[in-house]
Amino acid sequence: MRFSVRAFLALLFMTSTLLADDLDTLHRQLQANPPPVAVVAGDLSAEEALATLRADGTWADLDYTDGKDYHIYPASAHLRRANLILDSAAKAEPAERERRRLVAHQALSAWLRLDPQTNQNWFQSIGVPQWVGRLLLEFSDEVTPAEKQHALAILRRCVRADGELIYSHSPATGQNLQWQATLQIVGGCLERDAGRVERYVRRIERELQITEAEGLQADLSFHQHGAQLYAGGYGLNFTNDAARLAVQTRGTRFALQPETVDLLTRFLLDGQQAMLRGRRWDFTAIGREIARENRDASPLAGAADHLASLGGPRAEELRSFARRTRGEESPAGAPAGFRVFWRSDFVSHTRPEFHFSVRMTSTRINGSESGNGENESGTYLGDGATTLMRTGDEYHGVFPLWDWRRIPGVTNAYQPDVPLPFHNWNQGFAADSDYAPGSDFAGGAGDGRDGLAAMTLHRLGVHAAKAWFFQGDTVVCLGAGIRADDSTAPLATTLEQCWAKG
């Protein structure tokens, strides 16, 4: 009996030690691989932020009291600047490094003291907690006990009493869930709660599976905000954050399972890769983010690097993908083939010389949503829109100059004096809506090398049968039965709208 008690105590000690070691390793790897914080156009750089911080830890140009503007949360720039200053410390000389750390710490303390609030869901339950958690990982042993508890409470804003993650009053899904679960992993690590870390790592793993709801689809496309293609929007963050988590947790009991890493690798190489050219996304795969400046695919290079560092049979493919996505190698090296994303009514035809895609809409899949004041002219983006890229830069930065009634590939009534209808959030510009009876005939078929796509169009009083045939380096686009309910409506099919030289 005495031996059994001693053995039990020894085992308990060993288990506690291993858990402590895993939490220490996790903390180091969370710090070493943080989510990136980019400089936003028009905002301060790290150097400018460093030079203009006031003695009370705030910036004079920010309003810390106004969180009512749903489209944007101006005060959040405070935390972004604090993180930029912290990141800049890593490259500074020792004395300057410590000064920059102190300034970032001062800015964190000011935020916790002021406790600004907003009614913008993403900033309140994801953005602000993410930036606070990023700083807290660095200063967890330096903040006051009250500051630490306040910061940890911010990380829990999205957690219901039973542990369910909530976004906009409903259970979180897809990338929103992954963002929120990652916050709980950070919080669990800082509170030395291995059970909490384990729970939310596995919750992310359950989201890193094939689903018919929001998230990763069986055809390796990605849906968010309903049945809506977002492989290059929310899907971009989904891949980046999951690949980062795989590196943050490796070598610990919290590590992602090999089959999870394999599925994530397939999503990147067999899914997302077919929706971009070099550094640039196919503009029909990024949802309302088409309205954002300089939205490109280059962040996926970091995800590919993370996954390649884990080894595996496709590590060299991942490294090649990363080089192309950074612009270090020609996009001509991308795998050639024809892909049908049947869950998203999207087809992609890739050759060394070009990328061509068709984005369709049916009663199963929605077009491209508007939200937060973004993409309010994208009515036709799902109506047979086509993308043709050779370098990848053909459409980069052109969208502010577009005539949004002339989307490449789309057949529609060209009526500049008639306002474009749009649908806020979730359903996008649905084919089956108040604007049209919709059609369930849309999709494609192929043998992996060549193929075809077709759709029946019923939208805004315009009807047509559209088809696209892909063989080798040839693409044939056909339309028939084109008519309008209003016989006087001028009908047009747009061939292209891009830079003269891409």
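Of 293, 147, 329, the sequence from fewest to most neighbouring Cβ atoms within 10 angstrom is 293, 329, 147. What base-10 log of the normalised intensity I(q)/I(0) is obtained for region 19-190 from the Debye formula, alpha carbons as equal point scatterers, at q = 0.10, 0.18 Å⁻¹? The computed values of log10 I(q)/I(0) come out as -0.37, -1.24.
Look at 262, 296 and count the other Cβ atoms within 10 Å of each Cβ; fewest to most, that gives 262, 296. Once C-alpha pairs closer than 8 Å and six or more residues apart are averaged by separation and normalised to the residue number of the chain, the relative contact order reads 10 percent.
Temperature 25 °C, viscosity 0.890 mPa s: under these conditions the Stokes-Einstein estimate for region 340-394, based on its Kirkwood radius over C-alpha pairs, is 197 µm² per second.
Note on the chain: helix-only mean residue ellipticity at 222 nm, from DSSP H runs of 4+ residues weighted -39500 (n - 2.57) and normalised by residue number, equals -11000 deg cm²/dmol. Other residues whose C-beta falls under 14 angstrom from the C-beta of residue 393 contribute a net charge of +4, scoring Lys and Arg +1 and Asp and Glu -1.
Summarised as an ellipsoid, the chain has semi-axes of 43, 27, 22 Å, derived from the eigenvalues of the Cα gyration tensor scaled by 5 and square-rooted, with the largest first. Legend: Rg and Dmax of region 343-493, from Cα coordinates, 15.2, 44 Å. By the beta-carbon count within 10 Å of each Cβ, the least crowded to most crowded order of 189, 477, 158, fewest first, is 477, 158, 189.
Where a number appears in this text, it was derived from the coordinates with a stated rule and is not lab data. Please read these numbers as outputs of a predicted model, since none were measured by experiment. Reconstructed Cβ throughout: ideal geometry from the backbone, glycine too, with neighbour counts over all protein chains shown.
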